[in-house]
Each structure stands twice: as structure tokens, then as C-alpha cells.
1. Scan the stretch 437-457 and report the pairs whose first residue is in contact (Cβ under 8 Å) with a residue 24 or more places away in the chain and whose second residue is open to solvent by 50 Å² or more (accessible area, probe 1.4 Å) and not charged (D, E, K, R), with Cβ atoms within less than 9 Å and a gap of 6+ or a chain change.
2. Return the total of residues in the stretch 342-367 being among the hydroxyl-bearing types (S, T, Y) and closer than 15 Å to S430 by Cβ.
3. Could you give every pair whose Cβ atoms fall below 6 Å, whose first residue belongs to the stretch 400-417 and is charged (D, E, K, R), and whose second residue is open to solvent by 10 Å² or more (accessible area, probe 1.4 Å), counting only separations of at least 6 or pairs across chains?
4. Criterion first (of a type in the set (F, W, Y) and free of Cβ contacts under 8 Å to residues at least 60 places away in the same chain) does Y172 satisfy it?
5. Can you pull out the residues in the stretch 404-432 that are of a type in the set (F, W, Y) and touching an Asp or Glu at 6+ places or on another chain (Cβ under 9 Å)?
6. Exactly one of (1) out of contact with any strand residue (DSSP E or B) (no Cβ under 7 Å at 6 or more places or on another chain); (2) free of Cβ contacts under 8 Å to residues at least 40 places away in the same chain is unmet by R429. Its number?
7. Regarding E418, is this residue surrounded by 12 or more Cβ atoms within 10 Å (Cβ to Cβ), at pLDDT 95 or above, more than 22 Å from S332 (Cα to Cα) and under 30 Å from the mean Cα position of the chain (by Cα)?
8. Quick one: D179 ticks every box in (1) buried (at least 22 other Cβ atoms within 10 Å of the Cβ); (2) closer than 26 Å to V98 by Cβ except a single one, so which number is it?
Amino acid sequence: MADQGRKLALMQGRKLLALALIACLASTAWAKPEGKSSSKGAKPAKPETKKTSSRKTTAVVATAAAASGGAMLVKAATPTTARLPGTVSDSGPETQLVKIFAEIEANRLSEALQLTEALLRQYPNYRLANLIKGDLLLARTQPIQNFGALNGAPQEKVADLRAEAIARLKGYREKPPKDFVPRYLLQMQPDQRYAVVVDTKRSRLYLYENDTAAGGRPRFVADYYVTQGKLGAEKMVEGDKKTPIGVYHVTANLPKQKLADLYGSGAFPLNYPNEWDKRQGRSGSGIWLHGTPSDTFARPPRASDGCVVLTNQDLDAVSKNLQVGVTPVIISNSVEWLSLDDWNKERTDLNKTIENWRADWESRDNERFLRHYSKRFKAGSQDFEQFAAQKKQINGSKEWIKVKVDNLSVFRNPGKEEVVVVTFDQDYRSNNLNNQMKKRQYWIREDGKWKIIYEGSA
């Protein structure tokens with residue numbers, strides 16, 4: 001009777017472990033595929049859910065557990081002689097975590113433990129894997145009720161690891177929709193080989209290649225788990241522990257040897273605050289992409305002072321594609337996706353607007369030229385009225401003007417207002433002056449029309 005009672009207790013422990021680990025995902029919702037987006041681009045397409053083969057996914061079980069209040073039968077473990085891999089893929093831990101949770105769901109705890117140990121051999125400092133291993137070992141001896149059931153486990157740390165598990169597994173399931181691209185990457189200049197898009201809501205960084213063979217279409221390359229500010233996104237002031245939202249560029253490459261251990265294998269500062277941030281009254285500094293300390297594999301989804309943080313392994317992979325002064329880094333609360341048709345339409349319309357501005361400048365018709373500028377225009381201490389007076393005076397002294405625009409990039413700014421960031425090489429020629437410069441403009445949509453609200457050297 002004692003042996004039977006012990007077996008029942010162990011079976012109950014395994015059942016509760018499965019419920020505890022699966023319940024850590026029960027609050028998440030996996031998005032359904034969206035067939036198309038609005039032709040106006042007003043509503044982003046939802047990320048599609050990739051289907052697996054015949055095996056149930058943890059996501060399905062998590063949703064079922066939530067719907068049934070967690071009352072879910074887990075069968076007793078069955079022995080198996082199948083050998084499990086001693087190493088895992090270099091693509092990151094998400095694939096292996098999905099397998100581990102699937103084995104726990106099926107109550108094959110020995111297999112789950114072997115997979116977890118394989119994960120730890122690759123990432124010895126991975127705290128989430130260590131926590132799962134502890135629960136699996138504890139379930140061999142006693143019933144457990146919670147994720148992170150070890151006596152004395154700090155609940156704040158356990159909550160952080162639970163949040164990481166949710167973010168990683170959601171990111172694994174919610175890959176960018178096929179044939180959809182981020183709304184922000186409207187046009188990359190030819191020498192911008194890659195672009196980075198960060199989704200703070202999903203704790204995910206997406207890497208896109210500039211596919212020049214396909215007319216500059218952004219092509220999805222990879223995605224990575226990231227950490228953001230302790231208090232979320234939409235940074236406003238120095239020290240608010242938030243990550244900024246906007247269009248930025250990498251400004252430097254700081255090697256590991258010049259940094260404190262906190263920053264891991266390197267750091268890439270961003271140009272926050274940019275001109276649009278300053279106009280909105282945003283302050284602060286030191287917003288970087290960087291790695292993790294040497295004793296830490298990954299940090300919780302919200303753990304930085306405002307920086308975007310990757311694992312050292314992921315930063316090393318991403319850093320190979322970052323170009324100082326060139327690579328755009330666009331940080332959004334939640335990435336908006338456009339179908340290729342809608343993306344191409346938005347890009348064409350904006351390029352036509354920019355071309356009209358260039359042609360109207362050449363025309364020396366001040367009314368036509370100045371209609372492209374917002375009455376709220378401001379650059380440095382110069383407002384619209386001062387700018388208009390200056391341009392009228394200069395244009396009036398010209399017999400002819402030729403303006404050439406090269407290496408054009410157009411990025412939509414995430415946020416409530418419709419703003420695009422336009423950067424290009426400008427070659428200005430006239431009968432009495434020639435000038436070349438790299439120019440940056442911010443265009444804002446006013447009354448259905450795009451207007452320049454800022455311009456200056458980039």
C-alpha cells in the first residue's frame with residue numbers, strides 16, 4: 001500500500017508539473033492568419049500562426065487549459081528507449097523549448113529532462129532552462145503545484161522567467177506573415193544592406209535584407225528575442241527606464257574590450273533623441289543595442305534602463321549585418337504589416353510626392369515649392385515664415401536650378417501621427433552656386449497631404 005501511495009503521489013506530481021508549466025502559457029493568445037490588409041494600410045495584418053504536423057502544440061493545450069479552468073487530464077509517463085540529441089540547434093532556444101513543453105504535455109518527463117539538459121549544455125547560464133530542470137527533478141519525488149516550485153525560489157525571479165517563456169514561445173509561433181512586410185520599410189537606399197525592426201510588445205527583433213534584385217523589397221532573414229526597458233516603451237525623459245519608439249540609425253560599434261561586463265559582447269549606440277524626438281520634447285541618451293553579462297544567457301522581457309538587449313550569441317549574429325551610420329533601427333510598440341501590394345502603393349505614392357517637391361524646387365515657382373512645407377515647419381531656430389522668406393530671396397536670384405536626389409530612403413515612423421523619415425544625397429546646382437549634402441526630412445500627413453515639417457543635414 002505504501003508503494004502504491006508513493007507511485008500515485010509521483011504520478012500526481014507529474015500531472016501537476018505539466019499543468020504548472022503549461023499554465024504559464026495559458027494567458028497568451030496565438031493569432032490567426034489574416035488573408036489581406038486594408039488597401040489604405042490602416043489596419044495591420046495579424047501575424048499568421050504556422051501549423052505543425054500531427055503533434056499537438058503547447059499553444060493548443062495552453063488555450064484548452066485556460067478555457068477549461070486548468071482541468072486537464074495528463075496520462076502517466078510511459079518509458080521509452082529513444083535516444084535524444086546531445087546538442088541542439090544554433091538558431092536559439094525557442095525550438096528546443098517548444099519540444100520540452102510538448103514532452104511535458106505528453107507526460108514524458110524523462111525525455112523533457114534530457115532535452116532540458118541538452119539545452120543547458122549549450123547555454124549553461126540559461127536560468128529558464130535551469131528552473132524547468134529543477135521542476136522536472138522535483139516532480140520525481142513529490143507533487144508540485146507551481147511553475148518554479150522549489151522551496152525558497154524568489155517569486156519575482158520566477159515571474160521574470162515565466163514572462164520570458166511566454167515571450168519566446170509566442171515569438172516562435174508568430175513569425176512574420178508570408179508575403180507581408182513591415183509598414184515602416186518603405187524604401188531602403190542601395191547601400192543599406194539590412195534593416196532592424198523591433199517589436200516591443202512581442203519582445204522581438206526582426207532582421208530584414210534589402211533585396212535589391214527585387215526592387216528593394218525587404219526580405220525577412222531572422223528574428224530574435226530581446227529585452228526592453230523596465231517600464232516599457234515610449235521613452236520621454238532621461239531616466240524613465242523606457243525604450244524609445246521611432247526611426248533610428250546605428251552610430252557606432254563599441255567592442256567588448258571597451259565596455260563594462262553588463263553590455264556583454266558589444267554595443268551599438270543609436271541616435272536617440274533624433275530630430276523628431278527633440279521636437280516632441282523627448283530627452284535622454286545612451287540608447288544602445290547590446291548584449292548580456294557574462295554570467296547571464298538572457299534577461300527578462302522588461303529589464304533594461306531603455307536599451308534593446310539581445311543574448312550575446314544573437315548580438316554576434318546581428319552585428320555582422322550592422323553598418324555604422326547606415327543601418328536603420330526602427331522600434332515600434334507593435335509592428336504593422338502590409339501586403340506587398342499595399343506596401344508598393346504606399347512607396348510609390350510617397351516617392352511621387354518627393355519627386356514633385358524636387359521638380360517644384362527646380363521650377364523656381366515659390367508658391368508651388370512652398371506648398372510642400374507645413375505651416376508648423378521648424379528647423380533649428382527657423383520657423384516656416386522665416387524659411388519661406390529666405391527661399392523666396394534665394395530663388396529670386398537664380399536664373400536656373402537643378403536638383404538631383406540619390407540614395408533615397410523612406411521609413412515610416414511608428415507612432416500616433418503619420419510621419420515618414422526621408423534621407424537622400426542632394427546635388428544642388430544653379431547659375432551661381434553648386435552644393436552637395438546628405439539631407440534628412442520629416443514629412444507629416446496634414447489634411448490628407450504630405451508636408452515637410454523639418455529638414456536639415458543628416
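1. Listed pairs, sorted by first residue: R440/S457; R440/A458; G456/G380.
2. Let us first name the residues in the stretch 342-367 that are among the hydroxyl-bearing types (S, T, Y), namely 348, 353, 363.
The next check asks that each one be closer than 15 Å to S430 by Cβ; those that pass are 363.
Matching residues across the stretch 342-367 total 1.
3. K402/R429; K404/D427; D406/D425; R412/R183
4. Details: of a type in the set (F, W, Y): yes; free of Cβ contacts under 8 Å to residues at least 60 places away in the same chain: no.
So Y172 fails the test.
5. Restricting attention to the stretch 404-432, the residues satisfying the condition of being of a type in the set (F, W, Y) are 411, 424, 428.
Listed by number, the list holds a single entry, F424.
6. Going through (1) out of contact with any strand residue (DSSP E or B) (no Cβ under 7 Å at 6 or more places or on another chain); (2) free of Cβ contacts under 8 Å to residues at least 40 places away in the same chain one by one, R429 breaks only (1).
7. Working: surrounded by 12 or more Cβ atoms within 10 Å (Cβ to Cβ): yes; at pLDDT 95 or above: yes; more than 22 Å from S332 (Cα to Cα): no; under 30 Å from the mean Cα position of the chain (by Cα): yes.
Criteria not met by E418.
8. (1)
The values are calculated or read from the model by the stated rules, or taken from the named source; none is laboratory data. Model, not experiment: these values are computed from the prediction. Cβ: placed from backbone, ideal geometry, glycine included. Neighbour counts: every protein chain shown. Calculation scope for accessible area: heavy atoms of the full protein, side chains included, ligands and nucleic acids excluded. Shrake-Rupley method; radii C 1.70, N 1.55, O 1.52, S 1.80 Å.
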